[in-house]
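Engineer: Here you go, one structure.
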Amino acid sequence: MKTILKLAESLGLRAESKTRSRRMFSHRFVLSALSSPLSACFLLLFLAPAARAQWQTTTYSLKGGWNSIYLHGDATHASIDTLFAANTEVLEIWRWNPNPNATQFESSPLIPSAGTPEWTKWVRGSVEQTTLTSLIGRAAYLVRCAGTTTDSYSVPLTQKLLPPGNSWVRNGANLLGFPSRLAAGVGTYPFFSTYFATFPAAISANTRLYKYVGGDLGANNPVQIFSPATERLDRNQAYWFEAPVVSNFYAPLEISPSNLSGLHYGRNGSLLTVRVLNRTSAPVTLTVAPVDSAAAPVGQTQITAAVPLTRRTFNATTAAYTETPITTGFNEVIGPLSSVELSFGIDRAQMTGTADALYASFLRFTDGGNLLDVSMPASAQVTSLAGLWIGDISIDGVASKVTGYTGTATAQTFPLRTLLHLDSAGTARLLSQVFMGKLAPSPNNFGLCTVESALLSTDKAHASRLVAAHLPPDTVVSTGTGSVAIGQTLVRTVVIPYNDRTNPFVHQYHPDHDNKDARFQPVGNGIESYTVTRACSFQFTATPPAGTSSLGWGSSVIGGTYTETLTGLHRQPIVITGTFVLRRVSELGEITLN
């Protein structure tokens, strides 16, 4: 209790009611990780998977005694005991829990109700006193180190960075940190007065600011900042703000990704946006640059490579979107009190790892005024192409058999609807039809099948049927060569027997095309009709055909060039060519066949 009271007094609360001080900085600690709803939420965060982690190691400069730090990233991948096992100078860590949810207070945020402690702590070697076991991101901490202010320590901490964010509590104090930038070549941070020029309520004359400088808690630690115009804002420190405001301010430029956790594309994502708001009254030059992730800590998903990000812009001349690989930084000028929306895609053709391999990196946002430095996490996983694909072959070339004519271009393109299923074992099948709905076998799961009888009879009204009309009914072709993958060629041959009802030579009621002689006896192949074969070749390319959007290419959209060789229609083979684009409509790798 004495430690917390010293902190309260050092924040200028000596002249106020001692009861109010005690309530504001009460020394009520949880005895287990599940003793309050807030702690339970933190526990869920600790157990969250780290599949999307992008890692960066931050080194904190600490002194003997009490220091404050701010974590821009999450370090829950390991316990505090593990994180600081080699840093024996770190003796205690206290986390400030502002707990701004009004439903958890009796009357005011200054008077927390039972079970909502303002502080949780870790004490080296003391299980009984420890209520803090992990370090969450976007949070402020007090760190007590051995020794005095003359002792200096450099403590590295690996964490997975998060998009910036702050929550200011109107009543009481706020212990916060900010993504300020250490100016390159200058080695200094911006002044408080410059950084908070667009949010002056935080540093106005009727507010008080404090920082920790090491040593025991008391009149000399933390110390009050009297001149914001000469004090620099260290991004790795946390500061006390006693400002009666409610806000989410964290920087003069606000960065808002469409996915609140960052540029996370998962297995199939293709486009995400980031909105950047300039709160200042002057134009700002924003620089966006790719940055590699550090290696993942032991026990975490290892990173294969950086995410191959692209910048999507609209070309007014061609009236089409352009995808430009982000290999170096680019600049964007944002007008005063205005915003821009930046679109970022992903070139999955560059992701050559095995299925579910993790690609992770950052996009670093900095400004020309050296105020902001935010590393936006980006991640993606290599997708399995298993599932049902539907699309069209666009035929634009046919090799002529007319004597003296050598052209192949058709007057216009001709579409051929195509259904392709790739199962989990890698077998690709061309289908003439497929049904999507609840299957007849118990437990009647949703699935894919090629015959209607495989559907649950009482639920057929909710099922869907897709058809490729240019293939014979009930066709399932799985034999051939090649595979479905970028850079590979898949060949599937469709055979239409000479006596098949869909054979173009067969006519049931025409005596010259019924495969019967004058005595109505059956005749064989090549007499009245011919077996037709269609060797269909799908070459999957890393880039989409001309005039096709690259959005989702390689994950939810695949395609390339198409070649088909027909034999049996003419005494010489006929070759047709074109392009094809397929879109995935289901990721189910299982299918019930005829």
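The values are calculated or read from the model by the stated rules, or taken from the named source; none is laboratory data. Just so we're clear, the structure is a prediction, and the values are computed from it rather than from any experiment. As a convention, Cβ positions derive from the backbone with ideal geometry for all residues, glycine included, and neighbour counts pool all protein chains shown. Calculation scope for accessible area: heavy atoms of the full protein, side chains included, ligands and nucleic acids excluded. Shrake-Rupley method; radii C 1.70, N 1.55, O 1.52, S 1.80 Å.
Engineer: Among the listed residues 263, 271, which satisfies the condition of being closer than 26 Å to residue 58 by Cβ, surrounded by 15 or more Cβ atoms within 10 Å (Cβ to Cβ) and of a type in the set (A, V, I, L, M, F, W, C)?
Structural biologist: Answer to the selection: 263.
Engineer: Going by the conditions given, is residue 256 in a loop (DSSP other than H, G, I, E, B) and of a type outside the set (D, E, K, R)?
Structural biologist: It is false that residue 256 is in a loop (DSSP other than H, G, I, E, B) and of a type outside the set (D, E, K, R).
Engineer: Identify, from the list 397, 369, the residue that is more than 32 Å from the chain's Cα centre (by Cα) and either open to solvent by 20 Å² or more (accessible area, probe 1.4 Å) or not basic (Lys, Arg) (or both).
Structural biologist: 397
Engineer: Let me ask something else about it. Scanning the range 529-538 for residues that are open to solvent by less than 40 Å² (accessible area, probe 1.4 Å) and not polar (S, T, N, Q), which turns out farthest from the chain's Cα centre (by Cα)?
Structural biologist: 532
Engineer: Within the group 261, 281, 293, which residue is in contact with a strand residue (DSSP E or B) (Cβ under 7 Å, 6 or more places away or on another chain) and not β-branched (Val, Ile, Thr)?
Structural biologist: It is 293.
Engineer: Give me a count of the residues in the range 341-362 that are surrounded by 24 or more Cβ atoms within 10 Å (Cβ to Cβ) and acidic (Asp, Glu).
Structural biologist: Of the residues in the range 341-362, 0 are surrounded by 24 or more Cβ atoms within 10 Å (Cβ to Cβ) and acidic (Asp, Glu).
Engineer: Moving on to the next point. In the range 207-220, is there at least one residue being without any contact (Cβ under 8 Å) to a residue 60 or more places away in the chain and either part of a strand (DSSP E or B) or among the aromatic types (Phe, Trp, Tyr) (or both)?
Structural biologist: yes
Engineer: Looking at the range 509-528, can you tell me whether even one residue there is surrounded by 20 or more Cβ atoms within 10 Å (Cβ to Cβ) and of a type in the set (Ser, Thr, Tyr)?
Structural biologist: No, the conditions are met nowhere in the range 509-528.
Engineer: Would it be correct to say that residue 248 is open to solvent by 30 Å² or more (accessible area, probe 1.4 Å), modelled with pLDDT under 95 and closer than 20 Å to residue 353 by Cα?
Structural biologist: Answer is no for this residue.
Engineer: Do you know which residues across the range 185-203 are without any contact (Cβ under 8 Å) to a residue 40 or more places away in the chain, open to solvent by 60 Å² or more (accessible area, probe 1.4 Å) and on the phi < 0 side of the Ramachandran plot?
Structural biologist: 200
Engineer: I'd like the full set of residues that are open to solvent by 30 Å² or more (accessible area, probe 1.4 Å) and part of a strand (DSSP E or B), limited to the range 274-299.
Structural biologist: Passing the criteria: 275, 277, 285, 287, 290, 291, 292, 294.
Engineer: Among the residues of the range 313-351, which ones are part of a loop (DSSP other than H, G, I, E, B), of a type in the set (S, T, N, Q) and either within 17 Å of residue 264 (Cα to Cα) or at pLDDT below 90 (or both)?
Structural biologist: 317, 318
Engineer: Go through the range 459-506 and give me each residue that's out of contact with any Lys or Arg (no Cβ under 6 Å at 6 or more places or on another chain), small (Gly, Ala, Ser) and over 22 Å from residue 542 (Cα atoms).
Structural biologist: Result: 461, 463, 464, 469.
Engineer: Can you tell me which residue among 548, 561, 541, 493 is closer than 19 Å to residue 579 by Cβ, open to solvent by 50 Å² or more (accessible area, probe 1.4 Å) and touching a strand residue (DSSP E or B) at 6+ places or on another chain (Cβ under 6 Å)?
Structural biologist: 561
Engineer: Related question: Over 27 Å from residue 407 (Cβ atoms), in contact with a Gly (Cβ under 8 Å, 6 or more places away or on another chain) and in contact (Cβ under 8 Å) with a residue 40 or more places away in the chain - does that describe any residue in the range 471-482?
Structural biologist: no
Engineer: Is it the case, given these coordinates, that residue 501 is charged (D, E, K, R) and in contact with a strand residue (DSSP E or B) (Cβ under 6 Å, 6 or more places away or on another chain)?
Structural biologist: It is false that residue 501 is charged (D, E, K, R) and in contact with a strand residue (DSSP E or B) (Cβ under 6 Å, 6 or more places away or on another chain).
Engineer: Mind checking which pairs have a first residue in the range 63-85 that is in a loop (DSSP other than H, G, I, E, B) and polar (S, T, N, Q) and a second that is open to solvent by 20 Å² or more (accessible area, probe 1.4 Å) and at pLDDT below 95, Cβ under 8 Å, 6 or more apart or different chains?
Structural biologist: Matching pairs, first to second residue: 76/45; 76/46; 76/48; 79/133.
Engineer: Return the pair list, or none, for Cβ contacts closer than 6 Å from residues in the range 383-412 that are within 12 Å of residue 582 (Cβ to Cβ) to residues that are open to solvent by less than 30 Å² (accessible area, probe 1.4 Å) and among the hydroxyl-bearing types (Ser, Thr, Tyr), at least 6 apart or on different chains.
Structural biologist: Listed pairs, sorted by first residue: 387/586; 388/586; 391/418; 393/418; 393/562.
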